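Please treat every number below as a calculation from the coordinates, not as lab data. Everything numeric here is computed off the predicted structure, so don't read it as measured data. Here Cβ is always computed from backbone atoms with ideal geometry, including for glycine, and neighbour counts include all displayed protein chains.
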Amino acid sequence: MKKPPSVSQRPTSLWVLALVSIFLAATIWIIVKQQETETRTFRIPVEIENVPAVVELQSRFDPAPIEARFTFPKTRERDADETNFRVVVDAKFLKDRFRPGDFTTITEQIQPSQIVTPEDFRFLEFLPGSSTIELSGRLRTAMGSVQPTIVGEPAEGFFVDRERILIEPRQIEVAVSQPVFLESQEKGLTLPTVPIPVGGQSGVVSGNYELDWNLMPGVERIPRREYSAVEIIVPLPERTITRTFEEVPMTYDPVRADIYAVVEPSVLGVKVTGPQSLLNRLTPGMLNLETRRFIDETPGNKVETLVEVRFETENPAMNRRIEDEVRVELDQNTVTIQLFSLDETEPEDDAGETTGTLQATPTAGP
């Protein structure tokens, strides 16, 4: 038979029972307290985050706070302060809702999931008329000038004639951030295209080219607006150069066999301007200087006449190109031609030297 506890052991058992009872009572009290809830209405401020750089919100237009009812355990009473609540609106969607031009106002429905609350606060409902916010804004836009991005070097002797590049359309409206907008007001806005290769080309390079949006930070397409490729025509004309031929002989062959002519000056300088590939092929031997009018070949006659330049090559196509594309300038446009009989002696100047050049000495016939 089991012996009852001794007198010395009984006080210890009573203390253990008392502690267990207190613990159970406290646990029950906490459970009951946690089951007690309170319902309260809070006025919650609205915060707008992630506003797109190209969206301009009206500065004087701040969303009004919303009002909503929440239930929470009474044990969380210390957290029931409106400063612990906020509505977070992710404004990325505004870029698709606003338009360029005047400010417009849109209404956005608030979802319970957008409300940030302390722990254990449970949303019940919005107060009537308090579940939406209004936002006023617009897309910030600017007009930009299309800038062709030309890469490479044309064929030798050719160049990019940038002043004659044709662009259609030349101006395009785009959405821009505030820094880009301010800079565009001061310096203008350029919109580069994707690369346009002209390496080794001549004549014309043309096509439809997209804008290179990756090279334009702070610049975006306007939503729901179609951006067609830009038509660009890049002229690659041949480079024009100038060559000067010194001391080209001026000749005159009399028709009459019994006279000779003295030409003064006997040589002229000729400056020619035209396509590089053509002028590089010209030689002095291809140039002929001739009179531009008929001369009365009476011995003793002295005539001042205009001079013209003729190019003569063995290539008819080259002759036509010279005539069409080469511009000629003489250092002197007129010469003096004096005619003498073969029986006369060529006149001398003050120094006792003969003047001019005997251009033709016909041989008498049999």
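Charge dipole of segment 219-323 (Cα centre as origin; +1 on each Lys and Arg Cβ, -1 on each Asp and Glu Cβ, all else neutral): 700 debye, rounded to the nearest 20. Here Cα Rg over 2.2 N^0.38 Å was computed from the coordinates, and among [x] 1.10; [y] 2.39; [z] 1.02 the match is [y]. Specify the residue with the greatest mean-square fluctuation among Arg76, Arg97, Arg162, computed from a Gaussian network of the chain linking alpha-carbon atoms under 10 Å apart. Of Arg76, Arg97, Arg162, the most mobile in the Gaussian network model is Arg76. Under the membrane-span-like helix rule (DSSP H runs whose alpha carbons stretch at least 24 Å along the helix axis, mean Kyte-Doolittle hydropathy 0.5 or higher), the chain yields 10-35. For segment 252-307, build the charge dipole from Cβ charges (+1 Lys, Arg; -1 Asp, Glu) around the Cα centre, then report which of Tyr260, Thr305, Thr273 sits farthest towards its positive end. Farthest along the dipole direction, towards plus: Thr273. Across segment 232-243, rounded Karplus estimates of 3J(HN,Hα) from the backbone phi angles (6.51 cos²θ - 1.76 cosθ + 1.60, θ = phi - 60°) give 10, 10, 10, x, 10, x, 6, 5, 9, 10, 10, 10 Hz, Gly and Pro being marked x.
Among residues other than Leu278 with Cβ under 13 Å from its Cβ, the summed charge is +2 (Lys and Arg +1, Asp and Glu -1).
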